[in-house]
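K.L.:
This is the structure I have questions about; it appears just below.
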Amino acid sequence: MTDIKQNEFISLGDVSKDIKIGIAKSKLAYYTKLGLLRPVSRIGKMFIFDTKDIYKRLDIIKNMQSKGYSLKKIEETLNK
């Protein structure tokens, strides 16, 4: 699992800059649009996420994708 940052909240831009994650900002925005990632707030065009939640969800997404699960199945699993 990815090391959790100390900050309580984080933006998509900051997550995309985390080299341990290795996911482009556009893909993170797409995951948000699909409901895989859940922002706690929005400031203008910037989504704000709970740091622990987004890293946990990204670990689950990457793990399930590596096993061949579709984004729809991942979304169903994350949002039970």
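The values are calculated or read from the model by the stated rules, or taken from the named source; none is laboratory data. Please read these numbers as outputs of a predicted model, since none were measured by experiment. For neighbour counting, all protein chains shown are included, and Cβ atoms are generated from backbone atoms with ideal geometry for every residue, glycine included. The protein model used for the area step is the full one, side chains on, heavy atoms only, and it has no ligands, DNA or RNA in it. Shrake-Rupley method; radii C 1.70, N 1.55, O 1.52, S 1.80 Å.
K.L.:
Would you please give the residues with an amide H less than 5 Å from that of F47, counting only those at least 5 places away or on a separate chain, with H modeled from the backbone geometry?
P.N.:
Excluding prolines and chain starts, which carry no amide H, the hits are L12.
K.L.:
Return the sequence-ordered ³J(HN,Hα) values of segment 74-79 in whole Hz as given by the Karplus equation 6.51 cos²θ - 1.76 cosθ + 1.60 applied to θ = phi - 60°, using x for Gly and Pro.
P.N.:
The phi angles translate into 5, 4, 4, 5, 5, 9 Hz.
K.L.:
Then there is this: In this model, which of K20/K67; K17/K56; K45/K73; K17/K72; K33/K73 are farther than 21 Å apart at the alpha-carbon?
P.N.:
Beyond 21 Å: K45/K73; K17/K72.
K.L.:
Roughly to the nearest percent, how much of the accessible area of the chain is carbon and sulfur, given a 1.4 Å probe?
P.N.:
Exposed carbon and sulfur together represent 52 percent of the surface.
K.L.:
Arranged from highest to lowest average of other beta-carbon atoms within 10 Å per residue, in what order do the peptides 34-40, 64-70 appear?
P.N.:
Answer by packing, highest mean first, reads 34-40, 64-70.
K.L.:
Tell me, what is a quarter of the convex hull surface for the C-alpha atoms of the chain, in nm² with one decimal?
P.N.:
Value for the chain: 5.1 nm².
K.L.:
Cβ neighbours within 10 Å, averaged per peptide: list 15-26, 46-57 in order, most packed at the top.
P.N.:
With the highest mean Cβ count within 10 Å placed first, the list reads 46-57, 15-26.
K.L.:
If you don't mind, another one. Would you calculate a helix-derived [θ] at 222 nm for the chain, using -39,500 (n - 2.57) for each DSSP H run of n ≥ 4 and dividing by the full residue count, to the nearest 500? Each step should come with its number before you reach the end.
P.N.:
Details: 4 runs with 39 residues, N = 80.
For the chain, the value works out to -14000 deg cm²/dmol.
K.L.:
Under a 1.4 Å probe, what is the accessible area of the chain per residue, stated in Å²?
P.N.:
Heavy-atom accessible area per residue stands at 67 Å².
K.L.:
From the phi angles alone, apply the Karplus equation (6.51, -1.76, 1.60; θ = phi - 60°) to segment 18-29 and give each ³J(HN,Hα) in whole Hz, x where the residue is Gly or Pro.
P.N.:
So the J values, rounded to whole Hz, are 6, 5, 5, 7, x, 10, 5, 4, 5, 6, 4, 5.
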